[in-house]
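Here is the structure we will look at.
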Amino acid sequence: MSDTGRKSQEHPDHSGHAHSRAHACQPLGDVVIAVEGGRFGYGGHSSASVARLEIRSGEVIALLGANGSGKTTLMKGFLGLVDRIEGKVELFGEPVERLQDRSAIGYLPQRQSAAGPIPVTVNELVRSGRLTRRNPLGLGRDDGAVQAAIAVVGLTASARKRVSTLSGGQQRRALLARALVGGSQLLLLDEPFAGVDQANQEAIADALDGLLHNGLTLVVVLHELGPLEPLITRVIVMDHGTIRFDGPIEQAPPELLHMGHDHDPHGGPEPTQGIGLVG
Ligand code: ADP
């Protein structure tokens, strides 16, 4: 896939932006996600289509839009988790269907129960995020990272509890800690703040800010920009299954940044608890 016409060249220097969290824009690197002529959906019916999209390392992208506009479908399309009706997707320069090593990718699905059939503690669940190909047995240098990730989502006091005994919101935070702990180069988070209180949202935003300085690429489905706003370099706004806006956050029409609120046909955020595993 060629590099011509890439979106990232249009990104301005954000240094003049009035941010509470002083985030230095990372230099943009290689193409991490590339989609060409992609149509994604279910049972042959397209729910999200993209003519062309490139996401480069160091970008922090908010995927916005009303409920049902195709955000989750597009994110799953990046990962090869929904039907690809047409087009090409490359992750790290490899066709997604041929990508062998997914250890560089962390994914927090929108709806996922953390309480599986095997009883595990929060510690164990989060530690499982370290069991990558690079560190298959999770040996050594892990405990600090596991404890730090648990602290970031505000679950230190519950670290030894069984996940099945936690509330839905706490389970979601445990899953987020597991996504954060893997040392991923690409993090895809689908509504990471659902069920997370304001203080923990701020803590998670701070943690993500710290990770960004290590070259992380972040794509986040958000209902509202919230505490991540200072980190976001680019927004992609979905509308009825197509991209309505894609560009630097400063150039996004304000009404589009709040579409999740103003045009929400269901009148609120989607439920996040007890719905079970998604593919
Ligand atoms: P968003 O994340 O913006 O809320 P989604 O990507 O979840 O939107 O949904 C986009 C469209 O795809 C909606 O019309 C929705 O009904 C449809 N859709 C989502 N998941 C499924 C599914 N598992 N099977 C069939 N249609 C689905």
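The values are calculated or read from the model by the stated rules, or taken from the named source; none is laboratory data. Quantities reported herein were computed from a predicted structural model and do not represent experimental measurements. Methodologically, a virtual Cβ is constructed for each residue, glycine included, from the backbone with ideal geometry; neighbour enumeration extends over all protein chains shown.
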Consider the range 194-221. How many of its residues are more than 25 Å from D142 (Cβ to Cβ) and touching a Lys or Arg at 6+ places or on another chain (Cβ under 9 Å)?
3
Of the residues in the range 65-91 that are closer than 21 Å to P192 by Cα, more than 9 Å from the ligand (Cβ to nearest atom) and in contact (Cβ under 8 Å) with a residue 60 or more places away in the chain, the one that is surrounded by the fewest Cβ atoms within 10 Å (Cβ to Cβ) is L81
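Here is a yes/no grid of residues against (1) within 20 Å of R111 (Cβ to Cβ); (2) of a type in the set (D, E); (3) at pLDDT 95 or above; (4) in a loop (DSSP other than H, G, I, E, B):
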{"site": "V35", "(1), (2), (3), (4)": "no, no, yes, no"}
{"site": "G41", "(1), (2), (3), (4)": "yes, no, yes, no"}
{"site": "S47", "(1), (2), (3), (4)": "yes, no, yes, no"}
{"site": "E54", "(1), (2), (3), (4)": "no, yes, yes, no"}
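Of L176, L211, L218, L188, which residue is within 13 Å of the chain's Cα centre (by Cα) and not in a strand (DSSP E or B)? Write out each step before concluding.
Details: L211 fails: within 13 Å of the chain's Cα centre (by Cα); L218 fails: not in a strand (DSSP E or B); L188 fails: not in a strand (DSSP E or B).
Result: L176 is the single residue among L176, L211, L218, L188 that is within 13 Å of the chain's Cα centre (by Cα) and not in a strand (DSSP E or B).
I need a count of the residues in the range 223-244 that are acidic (D, E) and either buried (at least 21 other Cβ atoms within 10 Å of the Cβ) or over 19 Å from F78 (Cβ atoms) (or both).
First, the residues of the range 223-244 that are acidic (D, E): 224, 229, 239.
If we keep only those that are either buried (at least 21 other Cβ atoms within 10 Å of the Cβ) or over 19 Å from F78 (Cβ atoms) (or both) too, we end up with 224, 229.
Going through the range 223-244 one residue at a time, the tally reaches 2.
For the range 165-173, does any single residue satisfy the condition of being within 13 Å of the chain's Cα centre (by Cα) and either charged (D, E, K, R) or modelled with pLDDT of 85 or more (or both)?
No, that holds for no residue.
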Hey, can you tell me all the residues within the range 228-254 that are within 12 Å of the ligand (Cβ to nearest atom) and either touching an Asp or Glu at 6+ places or on another chain (Cβ under 7 Å) or assigned to a loop (DSSP other than H, G, I, E, B) (or both)?
I236, H240, G241
Considering only residues that are within 16 Å of the ligand (Cβ to nearest atom) and surrounded by fewer than 21 Cβ atoms within 10 Å (Cβ to Cβ), which ones fall in the range 210-222?
none
Criterion violated by L99 - all others in (1) at pLDDT below 95; (2) of a type in the set (A, V, I, L, M); (3) within 12 Å of the ligand (Cβ to nearest atom) satisfied:
(3)
